[in-house]
Amino acid sequence: MMAQRFDLPAVVDHENVQAILEQGLSVLGKLSAGDRLSVDCSNLTHFDSSALSLVMGLVREAQGKSVSITVEKLPKKLASLAQVYGVAELVVA
């Protein structure tokens, strides 16, 4: 079993979300069923709803590959946004 970590940058917004998603998908592409991916949000200081879309995209892709995924240190504001959208159970550890 292989484990990888993907660190989100300090800023995730509509301008850079696609590039960050592609980086995350690249990391995820190296993993196989049964492997683990940890998405670390501790650097995240400035974000909009694009950050939630990014995390959800990674969760969906990981689930599709049967890769275990955890989202760590999700900022409270982003966790609240996830609750509003009804997806908190997928991204809040």
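None of the figures in this text is laboratory data; all of them are computed from the coordinates on show. Predicted model only: the values in this text are computed from it and were never measured. All Cβ positions, glycine included, derive from the backbone under ideal geometry; neighbour counts span all protein chains shown.
What is the range 15-86's relative contact order, in percent, from Cα pairs under 8 angstrom and six or more apart in sequence? Each step should come with its number before you reach the end.
Numbers: 67 pairs, mean separation 30.2, N = 72.
Once normalised by length, the contact order is 42 percent.
How much length is gained on full extension from MET2 to SER49, taking 0.36 nm per residue of separation minus their Cα-Cα distance?
Numbers: separation 47, 0.36 × 47 = 16.92 nm, distance 3.02 nm.
Gain on extension, MET2 to SER49, equals 13.9 nm.
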> Once phi is turned into ³J(HN,Hα) by the Karplus curve 6.51 cos²θ - 1.76 cosθ + 1.60 with θ = phi - 60°, what whole-Hz value does each residue of the range 29-38 show in order, with x for glycine and proline?
Replying inline: x, 7, 9, 10, 3, x, 6, 10, 10, 10
>> What does the C-alpha gyration tensor say about the overall shape of the range 43-87? Classify as rounded when a/c is under 1.5, otherwise prolate if a/b is larger than b/c, or oblate.
In response: prolate
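List the relative contact order of the range 29-71 as a percent without decimals, with contacts defined as Cα pairs under 8 Å and 6+ residues apart.
On the way: 34 pairs, mean separation 28.6, N = 43.
Answer for the range 29-71 is 67 percent.
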>> Can you list residues from other chains, or at least 5 along the same chain, whose modelled amide H is less than 5 Å from the amide H of VAL71?
In response: VAL39, ALA93
> How long, wide and thick is the chain, going by the Cα atoms along their three principal axes, in whole angstroms, largest first?
Replying inline: 33, 25, 19
>> Just want the answer: with Cβ charges of +1 for Lys and Arg and -1 for Asp and Glu, which residue in ASN43, LEU28, ALA10 is farthest toward the dipole's positive end in the chain?
In response: LEU28
> What nm value, rounded to one decimal, do you get for the distance between LYS65 and GLN83 when each label is placed 7 Å out toward the C-beta?
Replying inline: 3.2 nm
> Which of the lysines could a cross-linker bridge to LYS65, judged by Cα under 21 Å and excluding same-chain residues fewer than eight apart?
Replying inline: LYS30
>> Taking 0.36 nm per residue of sequence separation and subtracting the Cα-Cα distance, how much length would be gained by fully extending the chain between ARG36 and ASN16, in nm to one decimal?
In response: 4.7 nm
